[in-house]
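I have placed the structure first, in the form of structure tokens, so that the comments after it can refer back to it.
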Amino acid sequence: MSKSHTWTLNGHTERTVGGATVVTLSGDVGFATRLSLGARLDALSAGPRPDLVLDLRGVPFIDCAGLGLLCRVRNRVAARDGRLRLVSDSAFFRRILRRTGLSGVFQVVPEFAGTPAAGRAPAERPVVPAGQD
């Protein structure tokens, strides 16, 4: 059963699904959003054994600052014996992870129970690294 929280930031939403905190991100994730989004993700990964799911299917663009933010969250979750999953059905995002040496670092799944169907309309732009759009 899903429970919505009141937290919304720049179109990002948060809810609890089966004990996991699911954060659905939308819009670009990068330099411009790293501080506000990073502060919230730090708070969500502060407790013992955080179970965090980041739904990236609504993210059309992620730059190196965004990847750094994902790495920071991953390290915080791992240090607290927690679990982090990234939801993405983007072949381009997986290619970015491979080319940056991060493909084995994250658990990436195409969908997660309690998130909107993976068959929804794709984002307007594909996920592209900075300088290549």
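Brief remarks follow.
- Where segment 19-107 is the region considered: accessible area per residue in Å², 1.4 Å probe: 44 Å²
- Simple label model, 7 Å out from Cα along Cβ direction - R49 to L35, nm: 3.6 nm
- Net lengthening on full extension, F92/A78 (0.36 nm per residue, minus Cα-Cα): 2.5 nm
The values are calculated or read from the model by the stated rules, or taken from the named source; none is laboratory data. Since we're looking at a predicted model, the values are computed, not measured. All Cβ positions, even for glycine, are placed from backbone atoms using ideal geometry, and neighbour counts span all protein chains on display. These area figures cover heavy atoms from the full protein model, side chains too; ligands, DNA and RNA do not enter into them. Shrake-Rupley method; radii C 1.70, N 1.55, O 1.52, S 1.80 Å.
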